[in-house]
Amino acid sequence: MEVVTFGESMVLFSTDKSLPLEYVHHFNKQMAGAESNVAIGLAKLGHRVGWFSKLGDDPFGRYVLHQIRGYGIDTSRCISTPDAPTGVFFKEQRSRGKTQVYYYRHHSAASLMKPDELDEEYLSGFKILHITGITPALSSNCLALTRKAIAVAKERGLKIVFDPNVRWKLWDSEEAARKIMLELADSADYVLPGLDEGELLTGLSQPEDIAAALLKPGVTGVVVKLGGKGAYYKSAQHSGYMAPFPAEEVDPVGAGDAFAAGFISGLLHGEKLEQAVLRASAMGAIAVGFNGDVEGLPDETELLHRMNSKDD
Ligand code: CKP
Ligand code: MG
């Protein structure tokens with residue numbers, strides 16, 4: 001197996017109308033979650049992936065599980081619990097490309113994940129562990145689970161890719177978020193912050209300075225995502241800006257996860273940092289062009305086509 005990730009996936013209710021949610025009568029049911037988005041992105045590209053979580057023993061939990069399993073992702077370490085429901089969230093369309101999310105995930109099943117449930121042997125079977133800053137924000141047990149997974153991954157030789165994915169609605173204070181994000185960033189091999197997340201972590205505002213500050217001993221590469229302006233990448237040997245892929249922005253949610261999936265796929269192909277960032281950027285550009293987090297993600301052929309037509 002190649003990549004393992006874990007975190008909360010939820011049922012997403014989205015709308016086709018650009019209206020405040022109080023005026024919306026019909027919703028589309030989809031599934032979303034940063035880590036499962038990455039898992040699905042990788043699975044669609046042909047990689048062998050494992051994802052686990054704790055889901056409510058309820059119809060939404062079964063729906064999420066069936067969706068993720070349907071992509072050929074290994075869900076054998078997922079736990080179902082009668083003690084709490086599967087989380088849900090709603091996405092409001094403010095105007096084209098502008099969205100707002102409302103979570104109903106407090107005390108959800110996933111927030112009950114805990115460190116002693118981690119199957120350490122299972123982790124040994126993978127090359128890369130992907131983690132995000134969402135999971136440690138769910139509960140103190142989820143934070144402990146994240147720390148344990150990192151420790152086990154290091155012990156067993158997995159590379160760690162960390163996407164801060166700061167969600168202010170989940171953190172009690174900016175200080176707590178910064179402290180934990182920095183701890184996780186320092187323990188990763190690759191860190192993929194957005195510009196605002198890089199600013200939060202370092203107090204710096206230029207991509208070059210942010211990347212230099214996060215490239216601590218033990219960290220191999222940092223990629224600062226700049227949205228429509230591309231990305232800046234840095235390792236001990238190489239650094240540079242990646243120009244953005246042309247993209248029509250329909251829904252930016254999920255773009256960061258698509259970027260992470262592309263980046264990890266590049267690592268698995270043995271690509272150099274710049275080439276992996278190119279792959280990541282193409283994935284991000286594809287992801288902003290459709291509604292939903294994963295529905296429009298490409299297979300390997302489509303992705304290569306997009307990468308080769310960058311300057312057309
Ligand atoms: O950073 P992204 O826009 O790629 O992440 C989107 C996901 O997990 C979305 O699917 C949502 O469920 C979440 O991030 C979250 O918890 O906010
Ligand atoms: Mg993100």
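Observations, loosely collected:
- Asp83 vs. criteria away from ligand 1 (no atom under 12 Å from the Cβ), acidic (Asp, Glu) and under 21 Å from Ile150 (Cβ atoms): no
- Checking each residue of the stretch 103-112 against the condition of being of a type in the set (D, E, K, R), outside any helix (DSSP H, G or I) and either touching a residue at least 60 places away in the same chain (Cβ under 8 Å) or within 18 Å of Val253 (Cα to Cα) (or both) gives at least one match.
- Residue in the stretch 162-176 that is among the β-branched types (Val, Ile, Thr), under 19 Å from Gly33 (Cα atoms) and in contact with a strand residue (DSSP E or B) (Cβ under 6 Å, 6 or more places away or on another chain) present: no
- Scanning the stretch 161-175 for residues that are in a loop (DSSP other than H, G, I, E, B) and surrounded by 18 or more Cβ atoms within 10 Å (Cβ to Cβ) turns up Pro164, Asn165, Val166.
- Filter result for Leu182 (at pLDDT 95 or above, within 14 Å of ligand 1 (Cβ to nearest atom) and of a type in the set (A, V, I, L, M)): no
- Within the stretch 289-299, one or more residues are among the aromatic types (Phe, Trp, Tyr), surrounded by fewer than 21 Cβ atoms within 10 Å (Cβ to Cβ) and away from ligand 2 (no atom under 16 Å from the Cβ).
- Among the residues making up the stretch 130-140, those that are crowded, with 16+ Cβ neighbours inside 10 Å and either assigned to a helix (DSSP H, G or I) or more than 16 Å from ligand 2 (Cβ to nearest atom) (or both) are Thr135, Pro136, Ala137, Leu138, Ser139.
- For the stretch 80-98, a residue qualifies if it is hydroxyl-bearing (Ser, Thr, Tyr) and either in a loop (DSSP other than H, G, I, E, B) or under 17 Å from Leu170 (Cβ atoms) (or both), and exactly one does: Thr86.
- Elements of the type helices (runs of 4 or more DSSP H) sitting completely within the stretch 176-268 and holding at least 2 residues that are within 20 Å of Pro136 (Cα to Cα): these cover 195-202, 255-268.
- Candidates Ala84, Ala34: the one that is over 18 Å from the mean Cα position of the chain (by Cα) and of a type in the set (Gly, Ala, Ser) is Ala84.
The values are calculated or read from the model by the stated rules, or taken from the named source; none is laboratory data. For clarity, every value in this text was computed on a predicted model and none was experimentally measured. Every residue, glycine as well, gets a Cβ built from its backbone with ideal geometry; the counts of neighbours run over all protein chains shown.
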